[in-house]
1. Tell me yes or no: at least one residue of segment 276-288 is in a helix (DSSP H, G or I), modelled with pLDDT under 85 and not small (Gly, Ala, Ser).
2. Please go through (1) closer than 22 Å to ALA268 by Cβ; (2) not in a helix (DSSP H, G or I) for THR327 and return the number of the only condition it doesn't satisfy.
3. So if I check each of GLY202, GLY221, GLY255, GLY188, which one is at pLDDT 90 or above, surrounded by 22 or more Cβ atoms within 10 Å (Cβ to Cβ) and of a type in the set (Gly, Ala, Ser)?
4. Given ALA448, ALA454, which one is modelled with pLDDT under 85 and part of a helix (DSSP H, G or I)?
5. Select from segment 1-32 the residues that are buried (at least 20 other Cβ atoms within 10 Å of the Cβ) and more than 29 Å from GLU377 (Cβ to Cβ) and list them in ascending order.
6. So if I check each of ARG407, ARG459, ARG465, which one is modelled with pLDDT of 75 or more and not aliphatic (A, V, I, L, M)?
7. Give me the residue from segment 269-288 that is hydrophobic (A, V, I, L, M, F, W, C) and over 15 Å from GLU415 (Cβ atoms) and, out of that set, surrounded by the fewest Cβ atoms within 10 Å (Cβ to Cβ).
8. Mind listing whichever residues of segment 219-251 are part of a loop (DSSP other than H, G, I, E, B) and touching a Lys or Arg at 6+ places or on another chain (Cβ under 7 Å)?
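The values are calculated or read from the model by the stated rules, or taken from the named source; none is laboratory data. The shown structure was predicted, so the numbers you read here are calculated from the model rather than taken from an experiment. Cβ placement follows ideal geometry from the backbone for every residue including glycine, while neighbour counts extend to all protein chains displayed.
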Amino acid sequence: MAVVQFMVSLDLSVVNVGLPEIGSGLGFSELGLTWVIHAYALTFGGLLLLGGKVADRYGHRRLLLLGLPLFGLASFLGGLAQEPGHLVAARAAQGVGAAALAPAALALLASTFPGGKERVKAFGVWSATNAAGGALGVLIGGLLTEYASWRWVMFVNVPMVAVALTLAWRGIAADRPAASRGRPDLVGAALATAGTSLLVFGVVRTDKHPWSSSETLTTLGIAVVLLVAFVYVERTTTRDPLIRLGMFTNRSVAGANAYTLLLGGAMASSFYFVSLYLQRVLGDGAARTGVEFLPFALGVVFGSALAIKLGFRLPPRTLLIGGGLLTTAGFAWFGMISADGSFSVDILGPSIVTSVGIGLCLAPAVSIATAGVAPQETGMASGLLNSTRQIGASLGLAVLGTAAHDRTGDVPTPEALDDGYALGMTVAAVVVAVAVLIAVTVLPRTSAAAPAAAEHGSRDLLPERD
């Protein structure tokens, strides 16, 4: 499960350092280049709920073994791309494969370790590999882009898929699918994916069509209608819904997903802004930029290990608040970058602070979002959390990237680019601060333990107490 999650997380960031090379090699526009990231994040996030439901219905191991070859094939075809549309399509196909992999992997982890110290350790390992994949993706992408080709940021997934497929085939026992309650809700999946995609598309296009323009208002209006229709379908469908809306009456599930939505948006934006700042403002090469992300990766791993130790003594809510405050401080520090700065002055310090804070947050958020959920709904709960994270990443990058582009203007001098990236990081700090406020006000101080859910086998979430 750790190998699978590392690979899925890696692909959210491995292309970041290679974006300048990808843009010039395939002829992307400045904002069009962000769709290399959006295409993956949107299909990943939009289909995760369906992936979680299918995993519960047909078996988590079975879906895992189907998703891995799809992910590998899409990666291989992406490396062969000859024009922007080819790469965007391949990245979207990768997202489909990841939407099958991630909820199945997390559901297997949650059901294998239902509670106690072993659960803390397991989710600590999962969060460390998840975050390290995102951070090390920048390092790996930089080295491959400079010394091989940007195409290898796609090809690199193929051997990882082979390793993960071998480990999964030999090391994971077959699990019993949940009792069938009807066919999966494909209409709901289409509405969720189309709605989130249009929402991001509308925000990204504000560089050409202002917020008050008819084009933007129409696009965003249609997106809202589709998302409202999704909620209606989930409440009234005779098929097996993608998500039981009653989950959101549980403060732990609702709070953890809201927290993750905001944190995911800030994280994705930070990788994007910092990698471009190092290359386009400071003039560092792709390989050097990748190496300069190493302290960030190590900080995340350290923060995740610290979360394991503190998890035996402190409730997850406390770790989310403390880690969120540390992350907020790190992003605010990033917001002070300057055009004549340097890695040691402008990047190293905030990288360490931010990454340790993120490492402290990841495992507690997952544990809270899946604790108290009946075993037959673990795929649904994990799919919801992963979907929230990826949609947050895409929306966050769309909003913050557009804000940074507006601040930069039409003449991308190093000074103008610096102003834009600094604004984006400052807004990211505000976003994480809001996430901390949600943890303080929404999450209960104590929550029902996961083992109790397993014993009762109820489809309803257990009640919580303050």
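1. There is no residue in segment 276-288 that is in a helix (DSSP H, G or I), modelled with pLDDT under 85 and not small (Gly, Ala, Ser).
2. (2)
3. GLY255
4. Only one candidate qualifies: ALA454.
5. Passing the criteria: SER13, VAL14, VAL15, ASN16, VAL17, GLY18, LEU19, ILE22, PHE28.
6. Just a single option satisfies the conditions, and that option is ARG407.
7. ALA287
8. Correct list: ARG239, LEU242.
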